[in-house]
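The values are calculated or read from the model by the stated rules, or taken from the named source; none is laboratory data. Fair warning: this is a prediction, and the values are worked out from it, not measured in the lab. Cβ: placed from backbone, ideal geometry, glycine included. Neighbour counts: every protein chain shown. The area values use the complete protein model at the heavy-atom level, side chains included, leaving out ligands, DNA and RNA. Shrake-Rupley method; radii C 1.70, N 1.55, O 1.52, S 1.80 Å.
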Amino acid sequence: MILTLAFRNLFHDRIRLAVTLVGILFSIVLVAVQLGLYLGSSRMITNMIEKTNSDLWITTFGAKSFEEGGILLTSGQRHQALATPGVKAVIPMVSAFAEWRKPGGGSTRVAVVGIDAEDGGLEPWNLIEGTWDDIRAPDAIAVDRSYLGDLGIQGVGDTAQIALGRVRVRALTEGIRSFTQSPYVFTPLQRARNLLNMDGEKGDKSTFFLVQLEPGANLETVRTALQARLEGTDVLTKAEFRDRSLAQWLFKTGAGIALIGGALLGILVGTVIVAQTLYSSTKDHINEFATLRALGSSGSYIHKVILAQAGLSAVIGYSLGMIIALLILYLSRNSPLPLVMTPGLAFSLFALTLFMCAISAVSAIMKVTKIDPATVFSR
Amino acid sequence: MTNETPVLEARDIVKELGKGAGKVMALKGVSLKLVPGELTLLMGPSGSGKTTLLSILGCILSPTSGEVRLAGHSTTGLGPEQLAELRRQHIGFIFQSYNLFPTLNAVENVRIALDVLGQKGYPAAARAEEVLREVGLGHRLQNFPSNLSGGEQQRVAVARAIAASPSIVLADEPTAALDSENGHAVMALLARIAKEQNRSVLAVTHDPRTLGYADRVVRIEDGKIVGEERRPEGVNSPEITDLTKKRRKANA
Ligand SMILES: Nc1ncnc2c1ncn2[C@@H]1O[C@H](COP(=O)(O)OP(=O)(O)O)[C@@H](O)[C@H]1O
Ligand SMILES: [Mg+2]
């Protein structure tokens, strides 16, 4: 009967129900979009790091992110790393921003990623045209199809210029997007060094070393040993480097704060609206609650009716909100920053909705707690 | 009947209402006993303290001084939750304006009183329908209050009050909002509940039409009990009296 009464009270005033649901829906959609963007950004930022096949990363000391590592590690350091017990392979990699000159004029910034696929540090993925072999041609690069427009080119076969070197698109990937909005340009290691190295002094330098361990080697032991040998570097686990990149792009730039702030705002607005409608509904039905109390219901029975009202609103509001959020998600799939929804996020949103509605019930519950059952006779 | 042990007893009840300048002594030392099987009417002018007394007897208000004993136990010093527990175990209430739940139909209105007691599911639904049939509403089970006449609504309220078989039924002006015919019907119902189900029924009223149904009439004025009349043994309530008359006529 608690559910029946809650349901009837809820549907008794359709307009108020609509306001409640819009409040929850607004909240859910806003929070879903903000957190979806947050997740989408995080994935984009860490995608490249996740795809590498490495146990440890060696970066220059204080390297901020994948795109901002500097080209400073020397081949001497690489050999020192290779000589460390437990190390199987040390794969050099170059990553840096560079200027891309469009064939039709104008320029844009790109993130050049130089690595040799045959080293096994970063296997090619999501190739839709051409092969990794094609990129070994002297001027070859691979770019993501979604950036063709930004790069001012049509597709495979087109040429452009990076810094002072000519490049030709030989392969296309799909879905490898960059959080910095500077398209990734994939090319072999030496080619990248040449493109980025205008005066020749960085001819054998690297941005990162991807370290693979011997089977059975202890990660911490090797890490400590590497750190001791290589001055001026950071030796990080994959997770540490991922977190560092996230911290750089999401928090130092304020983007993540804005997304999380937006989500909190959504929660706040939703809570206020639901609290307001629940309170006014309780006030409207206060005589019924007083009658219940006079009939001998316990205080908790009445609280359950109000919580059930809140819970029902939550379930309905969440369902509608999710439908809209998924729609937005679908529409964003080809945008520069697609939203991401995971079962975990969906579940968290549901828990959040329930929590929000429970908090909203507090003022209504305080109202009924003060009911004087004696009022039942004075009507 | 008069020497039966009371199920509900009030002793020297004093009740002050309001605060400061608006303070009123609504009851000034009232004692009253209710025994099973009797319909007692509490009569008195408006403002004499009838509703206040009913609220105290029903464990809704606590007296300023004096003691209420329910089923042999004192209620003095009990908290709101304990009083609520006593109400749902022992007392059924009927109100002047019915106080039905507008969003629930007749059966559901009765079921909620059982639900509060923890009686749920099919047995509760069956019991709710049973009492509604008892009060003559077998054909109105699914109607919402807005689709019931005043008399029907009050009968739903009576069904709700007796559904959990309380030993005491308290009614505040149950006929005040009803026309004569429905008023009589509800009073006859209350008399039947007292007799056939051996409950103590107390009805507050200032409606003289109800007099004929009473086993006992208690008069209250200005917060004090000023008189009590009891129907002499052997004298029956009106409908029975009518029947007896008819029978006598037929025999004559
Ligand atoms: N909440 C209250 N505060 C102050 N005075 C009250 C309150 N309720 C009732 N009274 C006063 O107490 C007296 C008895 O009221 P009540 O029991 O309602 O009388 P009745 O039901 O016989 O008409 C009246 O004088 C009324 O004005
Ligand atoms: Mg009154």
Top-ranked residue of segment B:168-213 - restricted to ones that are surrounded by fewer than 19 Cβ atoms within 10 Å (Cβ to Cβ) and among the basic types (Lys, Arg), ranked as nearest to ligand 1 (Cβ to nearest atom): B:ARG209
Test for A:GLY105: is it more than 23 Å from the chain's Cα centre (by Cα), crowded, with 16+ Cβ neighbours inside 10 Å and at pLDDT below 90: no
Extreme residue, nearest to the other protein chains (Cβ to nearest Cβ), among residues of segment A:341-379 that are of a type in the set (Ser, Thr, Tyr) and open to solvent by 70 Å² or more (accessible area, probe 1.4 Å): A:SER378
Every residue from segment B:7-31 that is in contact (Cβ under 8 Å) with a residue 60 or more places away in the chain, within 19 Å of the chain's Cα centre (by Cα) and away from ligand 2 (no atom under 16 Å from the Cβ): B:VAL7, B:LEU8, B:GLU9, B:SER31
Selection status of B:ALA176, within 16 Å of ligand 2 (Cβ to nearest atom) and out of contact with any helix residue (DSSP H, G or I) (no Cβ under 6 Å at 6 or more places or on another chain): yes
Residue list for segment B:152-167, restricted to those being buried (at least 22 other Cβ atoms within 10 Å of the Cβ) and either among the polar types (S, T, N, Q) or within 16 Å of ligand 1 (Cβ to nearest atom) (or both): B:GLN153, B:GLN154
Test: residue in segment A:299-316 that is within 16 Å of ligand 2 (Cβ to nearest atom), within 14 Å of chain B (Cβ to nearest Cβ) and of a type in the set (Gly, Ala, Ser): no
Some residue of segment A:306-326 being in contact (Cβ under 8 Å) with a residue 40 or more places away in the chain, within 30 Å of B:GLN89 (Cβ to Cβ) and open to solvent by 30 Å² or more (accessible area, probe 1.4 Å): yes
For A:LEU236: the one exception among (1) open to solvent by 70 Å² or more (accessible area, probe 1.4 Å); (2) touching a Lys or Arg at 6+ places or on another chain (Cβ under 8 Å); (3) among the hydrophobic types (A, V, I, L, M, F, W, C): (1)
Top-ranked residue of segment A:246-262 - restricted to ones that are open to solvent by 40 Å² or more (accessible area, probe 1.4 Å) and in contact with a helix residue (DSSP H, G or I) (Cβ under 9 Å, 6 or more places away or on another chain), ranked as farthest from the other protein chains (Cβ to nearest Cβ): A:PHE251
Subset of segment A:232-258 (residues that are aliphatic (A, V, I, L, M) and out of contact with any strand residue (DSSP E or B) (no Cβ under 6 Å at 6 or more places or on another chain)): A:ALA239, A:LEU246, A:ALA247, A:LEU250, A:ALA255, A:ILE257, A:ALA258
Near pairs, Cβ below 6 angstrom, 6+ apart or cross-chain, from segment A:367-378 (more than 13 Å from ligand 2 (Cβ to nearest atom)) to any residue that is open to solvent by 20 Å² or more (accessible area, probe 1.4 Å) and not hydrophobic (A, V, I, L, M, F, W, C): A:ILE371/A:ARG293; A:PRO373/A:ARG293
Candidates B:ARG127, B:ARG87 - the one that is in contact with a Phe, Trp or Tyr (Cβ under 9 Å, 6 or more places away or on another chain) and either in contact (Cβ under 8 Å) with a residue 12 or more places away in the chain or more than 13 Å from every other protein chain (Cβ to nearest Cβ) (or both): B:ARG87
The lone exception for B:PRO80 - which of (1) more than 10 Å from chain A (Cβ to nearest Cβ); (2) more than 16 Å from ligand 2 (Cβ to nearest atom); (3) over 19 Å from the mean Cα position of the chain (by Cα); (4) more than 18 Å from A:MET1 (Cα to Cα) it fails: (1)
All positions within segment B:104-114 that are open to solvent by less than 10 Å² (accessible area, probe 1.4 Å) and facing chain A (nearest Cβ under 7 Å): B:LEU104, B:ILE112
Meets criteria (charged (D, E, K, R), within 13 Å of chain A (Cβ to nearest Cβ) and open to solvent by 40 Å² or more (accessible area, probe 1.4 Å)) for B:ARG140: no
For B:SER149: the one exception among (1) open to solvent by 50 Å² or more (accessible area, probe 1.4 Å); (2) within 14 Å of chain A (Cβ to nearest Cβ): (2)
Residue identified as in contact with a Phe, Trp or Tyr (Cβ under 9 Å, 6 or more places away or on another chain), within 26 Å of A:ASN126 (Cβ to Cβ), modelled with pLDDT of 90 or more and among the hydrophobic types (A, V, I, L, M, F, W, C) among A:ILE45, A:ILE91: A:ILE91
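The rows are residues; the columns are (1) away from ligand 1 (no atom under 16 Å from the Cβ); (2) open to solvent by less than 30 Å² (accessible area, probe 1.4 Å); (3) in contact with a Gly (Cβ under 9 Å, 6 or more places away or on another chain).
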residue	(1), (2), (3)
B:GLU16	no, no, no
B:LYS23	no, no, no
B:LYS28	no, no, yes
B:PRO36	yes, yes, no
B:SER74	yes, no, no
B:LEU78	yes, no, no
B:ARG87	yes, yes, yes
B:PHE95	no, yes, no
Lone unmet requirement of (1) touching an Asp or Glu at 6+ places or on another chain (Cβ under 9 Å); (2) more than 8 Å from chain B (Cβ to nearest Cβ) for A:LEU278: (1)
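Conditions (1) open to solvent by 60 Å² or more (accessible area, probe 1.4 Å); (2) free of Cβ contacts under 8 Å to residues at least 12 places away in the same chain; (3) within 16 Å of ligand 2 (Cβ to nearest atom), marked per residue:
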site	(1), (2), (3)
B:MET43	no, no, yes
B:GLY47	yes, yes, yes
B:THR51	no, no, yes
B:ILE60	no, no, yes
B:PRO63	no, no, no
B:VAL68	no, no, no
B:ILE91	no, no, no
Leading residue by the ranking (nearest to ligand 1 (Cβ to nearest atom)) among those in segment B:49-72 that are of a type in the set (Ser, Thr, Tyr) and facing another protein chain (nearest Cβ under 7 Å): B:THR51
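Against the condition within 14 Å of chain B (Cβ to nearest Cβ) and surrounded by fewer than 20 Cβ atoms within 10 Å (Cβ to Cβ), how does A:LEU265 come out, does it pass? Lay out the reasoning, then the answer.
Values: within 14 Å of chain B (Cβ to nearest Cβ): no; surrounded by fewer than 20 Cβ atoms within 10 Å (Cβ to Cβ): yes.
Against the criterion (within 14 Å of chain B (Cβ to nearest Cβ) and surrounded by fewer than 20 Cβ atoms within 10 Å (Cβ to Cβ)), A:LEU265 does not qualify.
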